[in-house]
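The values are calculated or read from the model by the stated rules, or taken from the named source; none is laboratory data. Source: prediction; values computed, not measured. All Cβ positions, even for glycine, are placed from backbone atoms using ideal geometry, and neighbour counts span all protein chains on display. We work out accessible area using only protein heavy atoms, side chains counted, and drop any ligands, DNA or RNA first. Shrake-Rupley method; radii C 1.70, N 1.55, O 1.52, S 1.80 Å.
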Amino acid sequence: MSPSIDIDPLALAIAPPLNETPQEREAREHAEAEATRISNEIDEQIRKERDRERKKRRPVKLLLLGQSESGKTATLKNFQLIYARREWLEERNAWRPVVFFNLVRNVNNILDLLNREMTSQHARRDTISSSDESSEDSQLPPLRFREKHRLLKLRLGPLKRVQTDLERRLGSTAVEPHTTSVTTAAPFEEGLNRPALQEFSINSSNGWKSALEKIKGMRHPRPDETEGSLRKVKDVDDEIAEVIAGCKDDIKAIWEDSTVRELLNRSKVRLEDTAGFFLNDVDRIAATNYQPSDDDVVRARLRTLGVQEYKFIFENGRTAGQEWRLYDVGGTRSTRAAWYPYFDDVSCFDEKLAEDRRVNRLEDSYLLWRSICSCKLLARTQIILFLNKCDLLQAKLQRGVRIRDSVPSFGDRRNDLSTATRYFQQHFREILKQYSPVQRSFFVHLTSVIDTRSTAATLGTVEESILRDHLRRADLM
């Protein structure tokens, strides 16, 4: 019996015919090569598709935390300015009424203060006259207001209506924001007894974007009845611009007036240190053809409440094409994210919270930082500390304001910028080390986020760090 031979049926099926001619062999080999090429192309497409699925970019999430006016929203704007330029340019002109609102609010704050002081002086004079006694309530001589101050109040009166109109256009009536108490720090603790703050604000899930969309939606021309609705139309923004332009000389006069400056100084009001300050730009902004610059948009102030989500597709940089989601959090529980930039206004060491005048802003920032560092939900995240508004800190120190008067632990250290920032950095570092449930790296940047050039360099460094961590988390490194 002959041994059995195993024959592969597939090999037998694809074997060339025994009586194959050279021409048939050439045609067969050509067909086989073509089939192999097509098969390889299909395999390559499948491999690339698998790689795309494996490397599919999940959005990079950043949660920005910090006190009100610490620079979170300005940083969001810088991200958009640098990495989503096309979207930025589409929105820039919509910031025009916001800049107008900031400028008008600056003026109205002065008018309110001026009106109170002039009214109180009249009341004091009436009291002194009726009692025939001299006043010794103040060691400072009374401010001398003249007829020009009364006329400035009268001529700048229309700006009150302009501010009201702009508030109506930008959002609903002012919302009372919630803040922390002395012994707790938002956004991770409950049971807070929170006083109110009356600054006009936007409360929405996407912050300034909802306000800008509302502006765009309301930006329809209004007929000029004197010319006929079909021949000439006026934009509402242009009407506001005309009112402000008509008040330009009076705005400059009240801001540059020495008596008003002394009133602000005695009241310890420094408008130039506040967000949304534009009184030094009146010549440029109080014009009918004004259009906001990049710097104007970054500096513009529009208070937002709650958690705002901003989505950007980066157009350039190492993460071009990557979706970034940035969350601006104000007094609310956090959203899960891989990186938490925390913002501290280092110039606020001698200031009190607007929400509670008994609380030092720097101490409140320390409490908030401690709450973030100790939160177990955030234990696996990286935290970046931005010591912001270093320019204002330097200006304040140059005016002779001493840190130790408000921060006794600062002691006899040199009262200069480098010493102060080193001291603040060390304090934040010690809090992180003491209260973090796990050992974490300490990332810190000294910034002035309204300086777009220096901020671009800082954000480039931050982007690189976040990219490396994001790839590591996605198992791509």
Test Ile254 against the stated conditions and say whether it is of a type in the set (A, V, I, L, M, F, W, C), modelled with pLDDT of 95 or more, more than 26 Å from the chain's Cα centre (by Cα) and on the phi < 0 side of the Ramachandran plot. yes
Identity of the residue in the stretch 361-379, among the aliphatic types (A, V, I, L, M) and open to solvent by 10 Å² or more (accessible area, probe 1.4 Å), that ends up nearest to the chain's Cα centre (by Cα): Leu368
Hey, among the residues in the stretch 233-251 that are without any contact (Cβ under 8 Å) to a residue 24 or more places away in the chain and under 20 Å from Leu170 (Cβ atoms), which one's farthest from the chain's Cα centre (by Cα)? Lys234
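Answer yes or no as to whether Arg299 is at pLDDT below 75 and among the charged types (D, E, K, R).
Details: at pLDDT below 75: no; among the charged types (D, E, K, R): yes.
Against the criterion (at pLDDT below 75 and among the charged types (D, E, K, R)), Arg299 does not qualify.
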What residue, among those in the stretch 380-413 that are under 18 Å from Glu430 (Cβ atoms) and among the small types (Gly, Ala, Ser), is least open to solvent (accessible area, probe 1.4 Å)? Gly411
Filter the stretch 61-92 down to residues that are in contact with a helix residue (DSSP H, G or I) (Cβ under 9 Å, 6 or more places away or on another chain) and closer than 22 Å to Ile240 by Cα and give me whichever is surrounded by the fewest Cβ atoms within 10 Å (Cβ to Cβ). Arg92
Could you tell me which of the residues Arg413, Arg453 is among the charged types (D, E, K, R) and either touching a His at 6+ places or on another chain (Cβ under 6 Å) or within 26 Å of Lys352 (Cβ to Cβ) (or both)? Arg413
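Could you run through the stretch 371-420 and say how many residues are in contact (Cβ under 8 Å) with a residue 40 or more places away in the chain and outside any helix (DSSP H, G or I)?
Of the stretch 371-420, the ones in contact (Cβ under 8 Å) with a residue 40 or more places away in the chain are 371-393, 395-396, 401, 403, 405-407, 420.
From the residues that got through so far, the ones that are outside any helix (DSSP H, G or I) too are 375, 379-389, 401, 406-407.
Total meeting the criteria: 15.
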Please state which one of Arg284, Arg301 is farther than 21 Å from Glu69 by Cβ and either not small (Gly, Ala, Ser) or not in a helix (DSSP H, G or I) (or both). Arg284
Got at least one residue in the stretch 106-121 being open to solvent by less than 70 Å² (accessible area, probe 1.4 Å), farther than 30 Å from Ile240 by Cβ and either within 41 Å of the chain's Cα centre (by Cα) or at pLDDT below 85 (or both)? yes
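Which ones in the stretch 137-161 are among the aliphatic types (A, V, I, L, M) and open to solvent by less than 50 Å² (accessible area, probe 1.4 Å)? It would help to see each step written out before you state the result.
At the first step, the residues of the stretch 137-161 found to be among the aliphatic types (A, V, I, L, M) are 140, 143, 151-152, 154, 156, 159.
Leu143, Leu152, Leu156, Leu159, listed by residue number.
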